[in-house]
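Novice: Take a look at this one; I'll ask things after.
Values in this text are rule-based calculations from the coordinates and carry no lab data. Quantities reported herein were computed from a predicted structural model and do not represent experimental measurements. Ideal geometry is used to build each Cβ from the backbone, glycine not excepted, and the neighbour counts take in all protein chains shown.
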Amino acid sequence: MKRIAFVFPGQGAQAVGMGKDFYDSHEGAKRVFDQADESLGFKLSELIFNGPEDELKRTYNTQPALLTTSIAILEAVRELGVEPDFVAGHSLGEYSALVAAGVMSFEDAVRTVRARGQYMERAVPSGQGGMAAVLGAEREKLAELCRAVSGETGVVEMANVNCPGQIVVSGSAEGVAAVVARGKEAGAKRVIPLEVSGPFHSSLMQPAADELAKTLEAVPMQDARIPVVANVTADSVLQAGDIRRLLVDQVVSPVLWEDSITWMIAQGVDTFVEIGSGTVLAGLIKKVDKQVQVVSVGSREGLEKLATELQAARSSS
């Protein structure tokens with residue numbers, strides 16, 4: 001291993017029962033779940049472990065649930081004695097990265113993302129916005145199509161540039177429907193409408209960004225002790241003031257995930273550790289570069305695999 005990055009998943013990775021094996025077997029992880037319950041004033045851990053799924057999928061529950069699970073698992077990963085050279089998170093996952101980098105306390109982060117989810121839920125009335133995954137399109141051609149549709153039908157913008165051949169668009173219901181219908185103009189093989197509660201990472205989220213800006217003003221932040229690769233810029237950021245501004249911009253800006261991974265690889269990262277529920281990021285990273293190593297730690301088995309990989313790397317160095 002040359003350099004290591006810790007990466008953290010965002011909305012869509014949630015699953016009922018996530019993190020329960022760490023809660024049951026690791027005191028540090030249990031403490032994180034307990035801190036979340038205390039900070040939010042309700043039993044988030046009960047919802048994470050037992051559902052119901054429909055309630056867990058509500059944005060204002062999903063966001064603190066995923067953050068809590070990632071940070072609980074991070075506690076176990078840290079005991080292996082591995083420190084990352086960079087941290088990054090996909091959308092909501094950026095808050096997990098900021099906790100890992102010492103920018104925010106976990107308690108402040110979990111309260112902030114709960115509020116962030118609430119702001120995002122109410123920014124656009126239900127049914128007026130949407131998102132769709134565009135598969136196989138070229139980025140520039142899709143950007144052109146979004147501009148054309150926005151001028152003719154309704155706002156639609158690129159929201160997540162995930163990996164080669166997978167870009168998510170977001171915007172008004174009419175704009176997204178037009179891209180679904182006209183995707184072949186951008187070379188798309190398929191365009192799949194997504195089941196989401198709003199047009200995330202689009203300019204329609206500006207009301208949520210404005211509310212989040214006010215909330216973040218009161219959240220203590222420190223400069224990062226590990227470089228954080230920001231969604232908005234696909235570049236590292238260390239200064240607390242810059243991070244605060246980028247978190248607000250992130251709500252209305254595309255998640256440049258492919259660019260972030262490419263940038264880290266260019267800095268010498270050859271091993272990515274996905275910390276949290278699921279393996280979504282591992283799949284995206286492998287589509288960016290098949291040569292890099294990715295270990296997903298969402299279960300005790302994943303933690304054991306990481307321990308084995310680290311031992312092998314140390315033995316060979």
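Novice: Extension gain residue 316-residue 238, at 0.36 nm per residue separation less the Cα-Cα distance, in nm?
Specialist: 24.9 nm
Novice: Right, another one. State log₁₀ I(q)/I(0) for the stretch 201-317 at q = 0.09, 0.19, 0.20, 0.22 Å⁻¹ as given by the Debye formula over alpha-carbon point scatterers of equal weight, solvent excluded.
Specialist: Calculated log10 I(q)/I(0) at the listed q: -0.33, -1.13, -1.17, -1.24.
Novice: For the chain, calculate the relative contact order in percent as a whole number, restricting contacts to Cα pairs under 8 Å that are 6 or more residues apart.
Specialist: Result for the chain is 23 percent.
Novice: Run the dipole for the stretch 129-194 about the Cα centre, Lys and Arg Cβ at +1, Asp and Glu Cβ at -1, nothing else charged, and hand back the magnitude in debye, nearest 20.
Specialist: Roughly 240 debye, rounded to the nearest 20.
Novice: Given 0.36 nm per residue, what is the gain on full extension from residue 245 to residue 141 after removing their alpha carbon distance, in nm?
Specialist: 34.5 nm
Novice: Keeping to pairs on different chains or 8 or more places apart, tell me how many lysine pairs in the chain have Cα atoms under 16 Å apart.
Specialist: 6
Novice: Once label points are set 7 Å from the Cα along Cα→Cβ at both residue 34 and residue 215, what is their separation, rounded to one decimal in nm?
Specialist: Calculated label separation equals 2.6 nm.
Novice: Sorted by packing (mean other beta-carbon atoms within 10 Å per residue), highest first, where do 62-68, 163-169 land?
Specialist: Ranked from most to least packed, the peptides come out as 62-68, 163-169.
Novice: Okay, moving on. Take every Cα-Cα pair in the stretch 1-141 and report what % of them are more than 18 Å apart.
Specialist: 58 percent
Novice: Local charge sum around residue 70 (other residues, Cβ-Cβ under 12 Å, Lys/Arg +1, Asp/Glu -1)?
Specialist: Taking every Cβ under 12 Å from that of residue 70, the sum is -3.
Novice: Looking at (1) 129; (2) 140; (3) 120, which value of volume of the Cα convex hull per residue in Å³ comes from a calculation on the structure shown?
Specialist: Correct label, based on the coordinates given: (3).
Novice: How high is the FRET efficiency between residue 148 and residue 270 when r is their beta carbon distance and R₀ equals 35 Å, given to the nearest 0.05?
Specialist: 0.30
Novice: Another question, if that's okay. Taking the Cα atoms only, what angle lies between the long axis of helix 139-152 and the longest principal axis of the chain, rounded to 10 degrees?
Specialist: With rounding to tens, the tilt is 50 degrees.
Novice: In degrees, nearest 10, range 0 to 90: what is the angle between the Cα axis of helix 59-78 and the longest Cα principal axis of the chain?
Specialist: So the inclination is approximately 30 degrees.
Novice: Quick one: helix 257-266 against the long Cα principal axis of the chain, what's the angle to the nearest 10°, folded into 0 to 90?
Specialist: It works out to around 50 degrees.
Novice: Also, I was wondering about something else. Find how much the distance from residue 292 to residue 24 grows on full extension, using 0.36 nm per residue of separation minus their present alpha carbon separation; answer in nm with one decimal.
Specialist: Result for the pair: 93.3 nm of gain on full extension.
Novice: Still on this structure: Could you tell me, in Å, what Rg and Dmax come out for the Cα atoms of the stretch 181-256?
Specialist: 15.9, 47
Novice: Another question, then. So what is log10(I(q)/I(0)) for the stretch 129-194 at q = 0.15, 0.17, 0.20 1/Å, when the Debye sum runs over its Cα atoms only?
Specialist: -0.32, -0.42, -0.60
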